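The values are calculated or read from the model by the stated rules, or taken from the named source; none is laboratory data. Just so it is clear, the model here is predicted, and its values are computed rather than measured. Cβ sites come from the backbone with ideal geometry, for glycine too, and all protein chains shown count toward neighbours.
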Amino acid sequence: MKKCIPLVLALCLLLTLTACGGSARGGDDAPAATQTVINLKDWEGFYTEEYAHRGELTVTANPEGTLSFVIDWPNDAFSRAHIEMTGYYDPDQAVFVYSDGVCINRSFDEQGKETDSVLYTRGSGSFAPAQGKLIWTDATDPGRGPSSFVYESSLEEHNRPQTPVIIPSSATPAPTVAPVVTSTPAPSPTYAPDALPIITKSPTDETVKEGGSCMFVARYENAIWAVWHFLSPDGQTDLTYEAAGKQFPTLEIINGMYSTMTLKNVPKELSGWRVFCRYSNKAGSADTKTALITVTASPSPTAAPQPTVVPETPTPAVNEWVDTGDLNEAVSKSGISFTPPLAQVIPEGLHFLTYRYRTGVIEAAYADDSGTIQMRIRKSNSLSGSDLSGDNNSYSKTWDLTLKGVALQCLGDGTTANVAYFGNQNNNYSINYNPGKEGSGLTADQLNSLVNCIQ
């Protein structure tokens, strides 16, 4: 009987530890993955960033009750951020928490050679689940701001092999500059990270009036960068979007390195030309089918009928700007509410000069010591993009930037922005700094301070 007592005591102790959730790793130190109150498999899949549509998130459920998160986010045509982390569900905060994030910057040269550099390790942050979305907060790099990723497809659908290249039909003129593809490999039974880009959508033909606008949309998988090309009617001249901008000086090309390209002020001379998008990675490149541009002549202006009643007081011209030092006057006469930035966030060497307004648009102008205006901040409820900023200069880079949940479109050298647009249908903003002086624009930190002030 005495020999049984220690055995009974040991058994009771084991049962007590089991009931209290004890483990060999220590119940207080290990994430309570087994207590997860949501089904991890429900959040497994492939996501894309909701606003800029560039960042990609892959989520995989792990057997130990955690989720693996992998983010790929292009910075520009030749570099991208790659971030990996593992998170567990915290029921108190209702978020997936991680503290093992590794961020790598991957750069590529013209030949596709990759160079990696580690930006940080042991990064921390969280993913908040919300109705088919995951809201990412990067605590290590708060400047990224919260990013919303929307569910696109299951991992099986995303990784399903597809034909690597779509070859244009014989009826479509082929570019004179051949894609950098030496052979077409057979589809692999599993997803191959180093496979050629896959075209999932080609642009469609567009008809536009002379001086009007049109848009071309393509879609892809497994590419690092994209460049739109313009092909002459005889198929003998192949121009990148940058070269086309010089060939047709009045043509405004927006997002020539993105899957959605917009053309504004389309000239008559562009009729008969074709466009296609070339997607590339370090394994090679693939072209979409070409899309035809048809430009119709603008209707001849007709003589306006003579008014029967002449107003005693003519209405001021819509484009007539009025200068004032009174913000209340500018707000009242423009019909636009406006919050000017604090003096502390104005770039060094500049000072407030004047407010300007016209119907539906308000502006704050800042000048250097000589009185030359170097920065304009505008807000409108009717205009957007270059129509709002008035900056028609050509810049080598166009990129998207998200700052604390605000999505901006930037133009400049890829690092500093001479022009930045953001807003929505009702409130559009533009920030114009050192127009035309590429390389002397605003940094991300400066933009972040200005955007936070004027919103």
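General remarks:
- Among the residues examined, Phe78 does not qualify as surrounded by 15 or more Cβ atoms within 10 Å (Cβ to Cβ), modelled with pLDDT of 90 or more and of a type outside the set (Gly, Ala, Ser).
- Apart from one condition, Ser394 fits all of (1) among the small types (Gly, Ala, Ser); (2) touching a residue at least 60 places away in the same chain (Cβ under 8 Å); (3) in contact with a Cys (Cβ under 9 Å, 6 or more places away or on another chain); the exception is (3).
- Of all residue pairs spaced 6 or more apart or on separate chains, those with beta-carbon atoms under 6 Å, a first member in segment 119-146 that is farther than 25 Å from Asn452 by Cα and a second member that is assigned to a strand (DSSP E or B) and among the polar types (S, T, N, Q) are Leu119/Asn105.
- For the residues Tyr366, Tyr355, Tyr395, the requirement of being touching a helix residue (DSSP H, G or I) at 6+ places or on another chain (Cβ under 6 Å) and either crowded, with 16+ Cβ neighbours inside 10 Å or not acidic (Asp, Glu) (or both) singles out Tyr355.
- Residue selected from segment 385-423 under the condition within 15 Å of the chain's Cα centre (by Cα) and assigned to a loop (DSSP other than H, G, I, E, B), by the criterion nearest to Gly256 (Cα to Cα): Gly414
- Failed condition for Thr60, given (1) modelled with pLDDT under 90; (2) among the hydroxyl-bearing types (Ser, Thr, Tyr); (3) closer than 18 Å to Phe149 by Cβ: (1)
- Residue within segment 419-429 that is hydroxyl-bearing (Ser, Thr, Tyr), within 26 Å of Tyr51 (Cβ to Cβ) and buried (at least 16 other Cβ atoms within 10 Å of the Cβ) present: yes
- Number of positions in segment 233-243 that are surrounded by 17 or more Cβ atoms within 10 Å (Cβ to Cβ) and either touching a residue at least 40 places away in the same chain (Cβ under 8 Å) or among the small types (Gly, Ala, Ser) (or both): 1
- Number of residues in segment 109-147 that are modelled with pLDDT under 90, within 17 Å of the chain's Cα centre (by Cα) and surrounded by 15 or more Cβ atoms within 10 Å (Cβ to Cβ): the value is 4.
- Filter pass, Ser440 being surrounded by fewer than 17 Cβ atoms within 10 Å (Cβ to Cβ) and in contact (Cβ under 8 Å) with a residue 12 or more places away in the chain: yes
- Note on segment 244-259: among residues that are without any contact (Cβ under 8 Å) to a residue 60 or more places away in the chain and touching a strand residue (DSSP E or B) at 6+ places or on another chain (Cβ under 8 Å), the one that is surrounded by the most Cβ atoms within 10 Å (Cβ to Cβ) is Ala244.
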